[in-house]
Amino acid sequence: MNRNFLIYPALFLGSVIFAWPFLWMAATSVKLEREMYGEKVHMWPATPSPEGVSPYVDTRYYRDVAGPRMHEAVADIEADLQAMTYPWPQDLDRASLIHACATGIYKKMRDSQPPDVWQQPAAQLDTTLRPQVTPTLTGDTINQVRRAFCLGELWIKSYDLQDQKLVDGPAVAAAWQPGASGPVQLVQQPGSKPFAEVHYDLTKGDTLELAHTFSTSFPVDRLHRIQFSLKDDDSWNRLTLYLEKQGRLYKAEHVHAMGDDSWNICFWQEPGPDDLSTNKIHNWILLRQVASGPQYESDLHKLRIRIEVRRANIVDTWAEKIWRNYQITLDYVPFWRYVGTSVFIVILSLIGTLFSCSLVAYSFARLQWPGRNFCFALMLATMMIPGQVTMIPYFLIVRALGWYNTLYPLWIGNFFAAAFNVFLLRQFLRGVPRDLEDAAKIDGCGFWRIYWHIMLPLVRPTLAVIGIFTFMAAWNDFMGPLIYLSDERLYPLSLGLYALNVSTHGVSSGAGSFGVVMAGSLLMTLPVIVTFFFAQRYFLKGVALTGMKG
């Protein structure tokens, strides 16, 4: 009883320790980029907060700020802000805005002031901080905590590489007409890159619409892509784009969840040759035809674009946040093509490894032939040669055979037995009683029948161990495809997911996000975990029986 009392907690603790990296990867795959580089990095992803009104004050932006005498300093800064003559935005809650600004100003002072400042008496500290609470600093802080949905320039591109700007920055507010559903107002904002803020209140209606009919300089049947500059308001509301042209209605294949707070360039286009291309990041949302009829725009040089924003509830926001990085992983690269290539390589590697290693091990363990022990020792000696030494000679052989930029180098080597696997199988085969083999010979069995019908069934647990090792090596192989492949259409998943590391700042939901990389890594790790989970019985049995003597 006392022994079990110690063993089970120890096993549970060990399981938690070994599972912790996987839990961290799973939690990180749900996080947004800003959660990885904030004031404080949390183990678990932040809870998304749906907002029905925009603009609004993001009270969570400075929630992790901490420091010396924070509460006292923030209270003093709030009093200074209350007394300040400043054109506070009328579309925001002033009390929430002032508190958020005070926390943000404290953070900037904490990072810029020397440590001895915070050791001063209360009256002296207030005197030191007060001159720094300036309108300029206040305005900068307001811009950091104020969230608003913004629209920028709108471009279209034809298959003939013609570009046309449909909406210019200074005319954004005038270009879009609000629909009948939901109160919405567009407010033009000046600056070096003008844009328009979309002020809405979805608490009075679950949907808002903006639409306009545009004239194009080229026929709309040559339309290739719609490029829209947007700034999300971190409300997690769901934006869907509709397109009318040639009497047909097109709808975005999936929504754009407004879960960011920075400018992005979003792309929409119809299915086409780009979807089959593997040499570019697939950062667009597909438009699918959903209806047709005379009620839709049919002029050859006109198209109608409609934006629909639908309010999200807490279930929608969690679903969108959990699925966000995984959707980018599946959309940005031809994920299933890479999976198919990896499965092909794994299957051939397993067949080659299990057949060649078992056959060679049977020869070393059960057959008597001249030089057997010397050849076995020579084979074991190859285990001492580092892979870096044979890498260049093997590449030269592959190139001489004309196999460069093909899948042959990634699996054909497994048909030549690996020394470690042969050694593992030989140790088990040597423990098989000789009487079984003699009885088979008396019954008329030859070499192949003894190998196939007697020896292979007996070494099944050890073959399972070798199969698991081979599967993991072939599935996770990154260096081999990197060396022998240059055509991205041949990439396996291990190398294909490397595209997620490409920096894509300025496009929707950038694929260079750390969370997206973790989502791709988790998808690649799951088959290994599932395989080991279902094959662990054979794995443990094979390891246990390998060292037994007959």
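Some points to look at:
- Theoretical ellipticity at 222 nm over the chain - DSSP helices of four or more residues, -39500 (n - 2.57) apiece, nearest 500: -14500 deg cm²/dmol
- Ratio Rg/Rh, restricted to the chain and using Cα atoms, in which Rh is the Kirkwood radius: 1.11
- Base-10 log of normalised Debye intensity for region 155-313 (one unit scatterer per alpha-carbon) at q = 0.10, 0.11, 0.20 Å⁻¹: -0.37, -0.45, -1.52
- Counting only Cβ charges, +1 for Lys and Arg and -1 for Asp and Glu, the dipole size of region 104-168 around its Cα centre is about 260 debye.
- About the Cα centre, charge dipole magnitude for the chain (Lys/Arg +1, Asp/Glu -1 at Cβ), debye: 2440 debye
- Label reach from Gln185 (point 7 Å along Cα→C-beta): in region 53-83, amide nitrogens under 13 Å belong to 54-55.
- Leading residue at positive end of dipole, the chain (Cβ point charges), from Phe149, Gln227, Trp448: Trp448
- For region 372-386, Karplus couplings with θ = phi - 60° (6.51, -1.76, 1.60), whole Hz, Gly/Pro x: 4, 5, 5, 5, 5, 5, 5, 5, 5, 5, 5, 5, 7, 8, x
- Note, ³J(HN,Hα) from phi for region 66-77, Karplus 6.51, -1.76, 1.60, rounded to Hz, x at Gly and Pro: 8, x, x, 6, 5, 4, 5, 5, 5, 5, 5, 5
- The loop-placed chymotrypsin sites (Phe, Trp or Tyr not before Pro) in region 134-225, going by DSSP, that have at most 15 neighbouring Cβ atoms within 10 Å of their Cβ come out as Tyr159.
- Assuming charge only on the beta carbon of Lys and Arg (+1) and of Asp and Glu (-1), the dipole of region 57-145 about its Cα centre is about 100 debye to the nearest 20.
No value in this document is a laboratory result; all are computed from the given coordinates. In this text, all values refer to a predicted model and were calculated from it rather than measured experimentally. Virtual Cβ from ideal backbone geometry, glycine too; neighbours counted across all protein chains shown.
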